[in-house]
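> Structure below; questions to follow.
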């Protein structure tokens, strides 16, 4: 009877727009030891919430989050979107990671899982399996090792890029977790490693964040080097040597997924309308976006990006990323807007704008087409700047980067 219910569950999940569903037991985690070692190496950077003792404990297994759990339903929701023409090759346009171009996936996927939970309760009553079914829904909202549960639910393996890779769908999907107090037969875990000898993701990562597999076969990443971390999670200055490697990626990064043969062969555009790109997030002009952000305060930023994952970067973080991308573009066309950014209220923005102007100055020289204006803006700001870190950036920039 339980197997028939799981079959019906998959059918209902597909009707709700979910891409794939598997069932896992709520057994304790087999990867907590590696996770704690990863924290010990400091690879989590400034993501201190990952290392909180209560959060580490809860990652020990689903029962740590909800003691009544008897089964774990794992759902995948595809989000792949095509890049607009010319992106990411055009350095004058910003690249937003595919997952963040549309509506916030936390809300979209959670709603689907709540609908699935309601259906499961009705179906269990109809089949005489339970008077009611209670559950908990998590979409990156609890300290749970989602990808481990997905592997145990038979939905894929851990790629060398640390992503969960489905053998017929690739890796462009979100993972949602539904804990239920109803015993369901678990699916066989996915045990194969189908990356083989491929190292495409390791070779393509601009910053060298991907470190291959350890002696146990677990994929390793130094998050401190990851472009997604640098443009979203890092709240302070981006390290100097990593700024050029970011290129024109202003929020997140898809490079390690774009080069993956499994995505190139199997990934398809998402059917979910909510994940389609919102206006201004599909390869936006860096100049236009910088001008828009400079004209906003924090409140206006929150309203502009309400319901979007981009809101997580906050105004200062996103503008920091945009001015770095302008510096990597290196065009004289960026000088006027970067000169405005030198006057921003946030030191974080001013310091990175100085770096970007220094890049352009180093490229064009003085005299030069735009080089004189860049040097003039830097000199003018130096006379009034009081923040010590920004002053360092200004002095370095005046030497041409």
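Here, each number is a calculation from the coordinates, and none is a lab measurement. Keep in mind that this is a model prediction, so the values were computed, not measured. When we count neighbours, we look across all protein chains shown, and the Cβ atoms used for this are built from the backbone with ideal geometry, even at glycine.
> Can you list the residues of the stretch 109-131 with backbone N under 19 Å from a point 7 Å past the Cα of residue 181, pointing along Cα to Cβ?
Of the residues in the stretch 109-131, 114-131 have backbone N under 19 Å from the label point off residue 181.
> Another one. Between residue 299 and residue 32, how high is the FRET efficiency from 1/(1 + (r/R0)^6) when r is the Cβ-Cβ distance and R₀ = 41 Å? Nearest 0.05.
Numbers: r = 41 Å, r/R0 = 1.00.
Using R0 = 41 Å, I get an efficiency of 0.50.
> Continuing with the same structure: Mind checking the angle between helix 347-364 and the chain's longest principal axis? C-alpha axes, 0 to 90 degrees, to the nearest 10.
Roughly 60 degrees, rounded to the nearest 10.
> Let me ask something additional. Report the full-extension gain for the segment residue 132 to residue 107: residue separation times 0.36 nm, less the Cα-Cα distance, to one decimal in nm. Each step should come with its number before you reach the end.
On the way: separation 25, 0.36 × 25 = 9.00 nm, distance 2.47 nm.
Contour length minus the Cα-Cα distance gives 6.5 nm.
> Would you compute, from DSSP H runs of 4+ residues alone, the mean residue ellipticity of the chain at 222 nm, taking -39500 (n - 2.57) per run and dividing by the full residue count, rounded to the nearest 500? If you can, show how the numbers build up before the last one.
Values: 16 runs with 157 residues, N = 401.
My calculation for the chain gives -11500 deg cm²/dmol from helical runs alone.
> If the viscosity is 1.306 mPa s and the temperature 10 °C, what translational diffusion coefficient in µm²/s does Stokes-Einstein give for the stretch 219-312 when Rh comes from Kirkwood over Cα pairs?
Values: Rh = 15.7 Å.
The calculation lands on 101 µm²/s.
> Taking square-rooted eigenvalues a ≥ b ≥ c of the alpha carbon gyration tensor, is the stretch 27-95 rounded, prolate or oblate, where a/c under 1.5 means rounded and, failing that, a/b exceeding b/c means prolate?
Numbers: a/c = 3.61, a/b = 1.71, b/c = 2.11.
Since a/c reaches 1.5 but b/c is at least a/b, the shape of the stretch 27-95 is classed as oblate.
> In addition: State, as an integer percentage, the relative contact order of the chain based on alpha-carbon contacts under 8 Å between residues 6 or more apart.
Values: 748 pairs, mean separation 72.7, N = 401.
With pairs under 8 Å counted, the relative contact order is 18 percent.
> Extension gain residue 204-residue 399, at 0.36 nm per residue separation less the Cα-Cα distance, in nm? List each step's numbers first, then the result.
Working: separation 195, 0.36 × 195 = 70.20 nm, distance 3.12 nm.
67.1 nm is the gain from fully extending residue 204 to residue 399.
> Using Cα pairs under 8 angstrom and six or more residues apart, how large is the relative contact order of the stretch 337-386, in percent?
Numbers: 42 pairs, mean separation 16.3, N = 50.
Reported as a whole number, the value is 33 percent.
> Can you tell me how much longer the chain between residue 51 and residue 191 gets when fully stretched, taken as 0.36 nm per residue apart minus their C-alpha distance, in nm with one decimal? Don't jump to the answer; show the numbers that get you there.
Working: separation 140, 0.36 × 140 = 50.40 nm, distance 2.80 nm.
Gain in length upon complete extension: 47.6 nm.
> Let me ask something additional. Based only on other Cβ atoms within 10 Å, what is the fewest-to-most ordering of 323, 69, 6?
Going from sparsest to densest Cβ surroundings: 6, 69, 323.
> Moving on to the next point. Work out the P(r) tail for the stretch 285-401: percent of alpha carbon pairs separated by more than 21 Å, whole number.
Values: 2198 of 6786 pairs.
Result for the distance tail: 32 percent.
> Which whole-number percentage describes the relative contact order of the stretch 125-253, with Cα contacts under 8 Å and a sequence gap of 6 or more?
Working: 155 pairs, mean separation 28.3, N = 129.
Taking the mean separation of contacting Cα pairs over the length of the stretch 125-253, I get 22 percent.
> Let me ask you something else. Set the Förster radius R0 to 25 Å, insert the Cβ-Cβ distance between residue 340 and residue 369 as r into 1/(1 + (r/R0)^6), and round the FRET efficiency to 0.05. Write out the running numbers ahead of the final one.
Working: r = 19 Å, r/R0 = 0.78.
For residue 340 and residue 369, the calculated efficiency is 0.80.
> Further question on the same structure: Indicate, rounded to the nearest 5 percent, the antiparallel portion of the DSSP beta bridges found entirely in the stretch 1-278. Each step should come with its number before you reach the end.
On the way: 22 of 24 bridges.
Just about 90 percent of them are antiparallel.
> If you average the alpha carbon positions of the stretch 348-401 and of the stretch 8-73, how far apart do those two centres end up, in angstrom?
46 Å
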